[in-house]
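Only one structure is covered here, and it is reproduced in the block below.
The values are calculated or read from the model by the stated rules, or taken from the named source; none is laboratory data. Everything quoted here is computed from the prediction, not taken from an experiment. Here the Cβ positions follow ideal geometry from the backbone for every residue, glycine too, while neighbour counts run over all protein chains shown. Note: accessible area is taken over every heavy atom of the protein model, side chains too, but ligands, DNA and RNA are not part of it. Shrake-Rupley method; radii C 1.70, N 1.55, O 1.52, S 1.80 Å.
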Amino acid sequence: MSEECIELERWSVYGNDLLFLDALTEPAPAEAILPGLAKRALASSGSDSLILLQTCSRATLQAVNDVWSYWDKLPSAVPDAMVRIFEPDGSESLSCGNGLLSAASLLLERGVPLPAHVLTGLPSPCPWIVEVGTDRAGRAWLRSGTARRVPPSLADPASRTPVCSALDRFSGIFPGDIDDLRFPAELAGYLVLTGEPHLVVMASEWKDWIPETPTAVGRWLDALGRHLNLGDRVFFPKGVNIDLVLGGTPEDGVRYRCFERGVNRETGACGTGALAVAYAWKELSCEECDMVRVQPQGAGNGGYIVRWGDGGMRLCGTPRFLGRVTS
Ligand SMILES: N[C@@H](CCC[C@H](N)C(=O)O)C(=O)O
């Protein structure tokens, strides 16, 4: 695979636009060129993130670690495939719910037996394995495990108050008023790790500050996201994804809009964000439900279904293949 000309597939899950580099059948590009490749491909396509679907072996893991020194020891479990996410600035993020859902559909197309086990979270000290599969209706699913507390390395411990085992209330955020956008002097949200760090902000708690029109809500979310991700990063040294929950019900769909770290703007949907929204909703409402529909901005009438069962949370959504691009 040359650096000059790369064949990519474009997939979308509810408007989260992902470029896929399939290195299952072709050799993966050299590790050192991946950040530049992601920057170039994402700048020219306007897509949100680049997903690398790659065979997993001790040799590929060693090649990753030789360049990035992610681990003291190579991960011990080696499933068949791994899914990695690169952002427009060339950085490698932890994990991508929509990338994993799309990977399930792509694995099906390639004739790989499903469910499959996939390694994700490569830049973390302990990458983890998730299970992905598809159903007869063309939906893909991801068994993502349990939600966790965001580690201190990713979010200031001093600003948190525990809500339950994996959820912290995170307070003290003040982006400052910007033009006609107003913020409370101490905005708070709920912090949870669902493969990625997410700050879930409940609009119902900030009714006086949330603007009325969808366009203005987008500007408000953007201002908050830029403050926390492109400001001095005192609270979130590596940035944070923000999910603004606008309302709804678990049966009809909990509506949210998301600002993604790394991408540094609002995207149509975020899979790990849907897990974070469902988890926060369930914990805060104290409802005994085992299923929450979550509806991102880009979903129209559809959206994700999050279920709880053995082994934690399961995310279900519908990836769409949009075509091939050359970068
Ligand atoms: N869109 C993804 C999550 C992307 C991660 C984010 N850009 C980050 O760096 O945290 C998803 O579907 O989960």
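Annotations for the structure displayed:
- Glu266 being surrounded by fewer than 24 Cβ atoms within 10 Å (Cβ to Cβ), more than 10 Å from the chain's Cα centre (by Cα) and within 12 Å of Leu224 (Cβ to Cβ): yes
- Residue match in the stretch 70-77 (condition: within 16 Å of the ligand (Cβ to nearest atom) and at positive phi): no
- For the criterion of being assigned to a helix (DSSP H, G or I), in contact (Cβ under 8 Å) with a residue 24 or more places away in the chain and not hydroxyl-bearing (Ser, Thr, Tyr), Leu284 passes.
- All positions within the stretch 226-264 that are in contact (Cβ under 8 Å) with a residue 40 or more places away in the chain, aromatic (Phe, Trp, Tyr) and part of a strand (DSSP E or B): Tyr256
So that you can scan it fast, the table gives a plain yes or no per residue for (1) in contact with a helix residue (DSSP H, G or I) (Cβ under 8 Å, 6 or more places away or on another chain); (2) under 22 Å from His198 (Cα atoms); (3) surrounded by 16 or more Cβ atoms within 10 Å (Cβ to Cβ); (4) not acidic (Asp, Glu):
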| site | (1), (2), (3), (4) |
| --- | --- |
| Leu42 | no, no, yes, yes |
| Gly46 | no, no, no, yes |
| Leu61 | no, no, yes, yes |
| Ala77 | no, no, no, yes |
| Val83 | yes, yes, yes, yes |
| Glu92 | yes, yes, yes, no |
| Leu100 | yes, yes, yes, yes |
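- Checked against (1) under 21 Å from Gly298 (Cβ atoms); (2) hydrophobic (A, V, I, L, M, F, W, C); (3) without any contact (Cβ under 8 Å) to a residue 12 or more places away in the chain, Leu50 meets all criteria but (3).
- In the stretch 119-218, counting only strands (runs of 3 or more DSSP E) that sit wholly within it, the ones holding 2 or more residues that are within 16 Å of the ligand (Cβ to nearest atom) and closer than 24 Å to Val234 by Cα span 187-193, 197-202.
- Screening the candidates Ala276, Ala223 for the property of being in contact (Cβ under 8 Å) with a residue 24 or more places away in the chain, within 12 Å of the ligand (Cβ to nearest atom) and not in a loop (DSSP other than H, G, I, E, B) yields one hit, Ala276.
- Contact map, the stretch 93-106: residues that are more than 18 Å from Phe259 (Cβ to Cβ) paired with residues that are near the ligand (Cβ under 9 Å from one of its atoms) and among the β-branched types (Val, Ile, Thr), Cβ distance under 6 Å, separation 6+ or inter-chain. Pairs shown: Leu101/Val13.
- Single residue of the stretch 279-297 satisfying the filter (open to solvent by less than 10 Å² (accessible area, probe 1.4 Å) and within 22 Å of Thr318 (Cα to Cα)) that is farthest from the ligand (Cβ to nearest atom): Val292
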